[in-house]
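Take this structure, written in structure tokens, and hold onto it; I'll ask about it next.
Coordinate-derived values only; no laboratory data. What you see is a predicted model, and the numbers here were worked out from it, not measured in a lab. Don't worry about glycine lacking a Cβ; one is built from the backbone with ideal geometry, like all the others, and counts go over all protein chains shown.
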Amino acid sequence: MTITLPSLSGAVLVYLLVFARTGAMLMLLPPIGDSNVPGRVRLVLALAISFALAPTVAASYPQQAPATTLALGLIIAQEVTSGILIGVMARIIVSALSVAGFLIASQTGLSYAETLDPTSSGQQGAVVGNFLSLLGVVLIFASNLHHLAIGAVAGSYHLIPPGTSLPTADMAELTIRLVSGAFALGFQLAAPFLVFGFAVNAGFGVLARLMPQLQVFFVAMPVNILVGFVIMSLLIGTMLTLFLGFYADQMGAFL
């Protein structure tokens, strides 16, 4: 079957363009965009969301396809870019937990234990960072904050209307602000562990000077791990609450 440009009109054209934006977003949205999620699942979700979203945004699209293939390709590229922006936003936000986990693992002595991180395309990551990332994603779904991603797609039509030039300066500023905010959040989440690590290392440094014959490393490592787990068990609820609030604020920028 051959589809010509004149046949791409009305609901068919709208659905194609909405699918381009939604599919690009789901391709990067954690955890749906991870490599361990089957491609058919992502495809079905993109088709379903596009089908539900198309009637509400149909007025934003032209009713007739452009006269040339190049013009249609430019519109599709713009839609894909808009979807990628939303997916990258969500992935950068979740990376704050990986930053916090890396800092926590470095201070508690667990940075040597690395496993495959399913939220970063199977790359190696600190076991604490993997745990926090997976727990954060589970809480996003449990608290229904994943609906903000779908709402961000709908809201992006007001910020990035179809057929207009992409606001590259605003997109770059948003990305830079989000990256700096995610890193700052990761540092804030790990701040209690950093303070604890500094105090413990300073204390054992003084102890090593007073008792040179003591094997400080073998004494300090179990203490670091034990106290690190105690602090995490006490603060993990507060840490993830701060993360969920940051996720809601940043993803709500498109609403």
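Using the Cα centre of the chain as the reference point, and only Cβ charges (+1 on K/R, -1 on D/E), how large is the resulting charge dipole? Debye, rounded to the nearest 20.
That gives the chain a dipole magnitude of about 140 debye.
Which residue, MET239, MET25, MET221, has the most motion in a Gaussian network model of the chain that connects Cα atoms within less than 10 Å?
Per the Cα network of the chain with a 10 Å cutoff, MET221 tops the list.
Mind ordering 242-248, 17-23 by average Cβ neighbours within 10 Å, highest first?
Order by mean packing, descending: 17-23, 242-248.
Charges on Cβ only, +1 for Lys and Arg, -1 for Asp and Glu, centred on the Cα centroid of the chain; of VAL44, ILE176, ILE93, which one is farthest towards the dipole's positive end?
Positive-most Cα among the choices belongs to VAL44.
Let me ask another. Give me the angle, in degrees from 0 to 90, between the Cα long axis of helix 168-210 and the longest principal axis of the Cα atoms of the chain, rounded to the nearest 10.
With rounding to tens, the tilt is 10 degrees.
Hey, another quick one. Report ³J(HN,Hα) in whole Hz for each residue of segment 78-90, in order, from the Karplus equation J = 6.51 cos²θ - 1.76 cosθ + 1.60 where θ = phi - 60°; Gly and Pro get x.
Couplings: 5, 5, 5, 4, 5, x, 4, 4, 5, x, 5, 4, 4 Hz.
Of VAL57, ILE76, VAL138, which is farthest towards the positive pole of segment 5-254's charge dipole, taken about the Cα centre with +1 and -1 on the beta-carbons of Lys, Arg and Asp, Glu respectively?
Final value for the positive-end residue is VAL138.
May I ask you to order 86-98, 161-173 by the average number of other C-beta atoms within 10 Å around their residues, highest value first?
Top to bottom by mean Cβ count within 10 Å: 86-98, 161-173.
Quick one: helix 11-28 against the long Cα principal axis of the chain, what's the angle to the nearest 10°, folded into 0 to 90?
Orientation of helix 11-28: about 10 degrees from the principal axis.
Taking the chain as a Gaussian network, Cα atoms linked when under 10 Å apart, which of PRO55, PRO212, PRO66 shows the biggest mean-square fluctuation?
Looking only at PRO55, PRO212, PRO66, the largest GNM fluctuation is found for PRO212.
Another one. Can you show me the helix-derived [θ] at 222 nm for the chain, built from DSSP H runs with n ≥ 4 at -39,500 (n - 2.57) apiece and divided by the number of residues, rounded to the nearest 500.
Mean residue ellipticity at 222 nm (helix-derived): -26000 deg cm²/dmol.
Picking from GLN64, GLN215, GLN188, which is most flexible by a Gaussian network model of the chain using Cα springs under 10 Å?
Its mean-square fluctuation being the largest, the pick is GLN215.
Please report the spacing between the Cα centers of segment 210-248 and segment 141-189 in Å, no decimals.
For segment 210-248 versus segment 141-189, the Cα centre distance is 32 Å.
Right, another one. With θ set to phi - 60°, apply the Karplus curve 6.51 cos²θ - 1.76 cosθ + 1.60 along segment 29-38 and write out the HN-Hα couplings as whole Hz, x wherever there is a Gly or Pro.
Per-residue couplings from phi come out as 5, x, x, 5, x, 6, 5, 7, 8, x Hz.
Then there is this: Net charge near THR22: determine it from the other residues with C-beta under 11 Å of the C-beta of THR22, scoring Lys and Arg +1 and Asp and Glu -1.
Around THR22, the surrounding residues sum to +1.
Relative contact order, percent, of the chain when contacts are C-alpha pairs under 8 Å separated by at least 6 residues?
RCO, the chain: 24 percent.
Show me, for segment 218-229, the HN-Hα J-couplings you get by feeding each phi into the Karplus relation (A = 6.51, B = -1.76, C = 1.60, θ = phi - 60°), rounded to Hz, glycine and proline as x.
The phi angles translate into 6, 8, 6, 4, x, 5, 4, 5, 4, 5, x, 5 Hz.
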